[in-house]
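What follows draws every value from the coordinates through simple rules; no lab data is involved. Given the structure is predicted, the values throughout are model-derived calculations rather than measurements. When we count neighbours, we look across all protein chains shown, and the Cβ atoms used for this are built from the backbone with ideal geometry, even at glycine.
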Amino acid sequence: MTVPFSGGCICGTVRYVCSHAPLAMLNCHCLDCQRSSGAPFASGCIVRVSDISITGALKTYSVRAGSGKLVTRGEAAPGVRSIRFPTLDNPSEFHPLVDIWTSSAQPWVCLNQEIRHYPRSL
């Protein structure tokens, strides 16, 4: 991925620029990602919070995770943030290297056999 990379939300209220390459690029098949994305999985980049500058107000919401714990999206892992690939200004540079939570993948999803699969998180 070309660095820096940038993107934003569809309405233009939130914009971001990331100064370093992502820590990971992945597809998440957990039920929360399925529901929140309206798709069989959510694809995104994991970046350090210190590497990203954001303009506009971010919003969060809480869900019950597979662990049973209440998780606030946007605060689940302090120090890192997940950026959904459709928000990238150049989404063609997104190349997932791993599928996570494949234990929750829909049975009709065709997983890419060229990347690693994890039944849960990394």
Comparing 15, 64, 48, which has the greatest mean-square fluctuation in the GNM of the chain with Cα pairs linked when under 10 Å apart? 64
Build a GNM of the chain with springs between Cα atoms under 10 Å: which of 28, 18, 110 gets the top mean-square fluctuation? 110
With θ set to phi - 60°, apply the Karplus curve 6.51 cos²θ - 1.76 cosθ + 1.60 along segment 96-101 and write out the HN-Hα couplings as whole Hz, x wherever there is a Gly or Pro. x, 10, 7, 10, 10, 6
Net length gained if the chain between residue 1 and residue 21 were fully extended (0.36 nm per residue, minus Cα distance): 6.5 nm
Between residue 37 and residue 110, what's the calculated FRET efficiency when r is the beta-carbon distance and R0 is 22 Å? Round to 0.05. 0.80
Taking max minus min of the Cα coordinates of the chain on each principal axis, largest first, gives extents in Å of 37, 33, 25
Alpha carbon centre of segment 8-61 versus segment 76-118: separation in Å? 11 Å
Computed ³J(HN,Hα) along segment 23-29: with the Karplus parameters 6.51/-1.76/1.60, θ = phi - 60°, integer Hz and x for glycine or proline, the list is 6, 7, 10, 8, 10, 10, 9
Choice from 91, 22, 78 showing the highest fluctuation, given a GNM over the chain with Cα pairs closer than 10 Å: 78
Magnitude of the Cβ-charge dipole (Lys and Arg +1, Asp and Glu -1) of segment 5-117 about the Cα centre, nearest 20 debye, reported as 400 debye
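Find the percent of Cα-Cα distances in segment 32-88 that exceed 14 Å, and round it to a whole number.
62 percent
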Average silhouette area of segment 15-64, convex hull of alpha-carbon atoms, in square nanometres: 4.3 nm²
Full-extension gain between residue 10 and residue 55, please, as 0.36 nm times their residue separation minus the C-alpha to C-alpha distance. 14.8 nm
Test of understanding: extend the Cα→C-beta vector of residue 121 to 7 Å, then name every residue of segment 20-39 with backbone N under 19 Å from that spot. 23-37
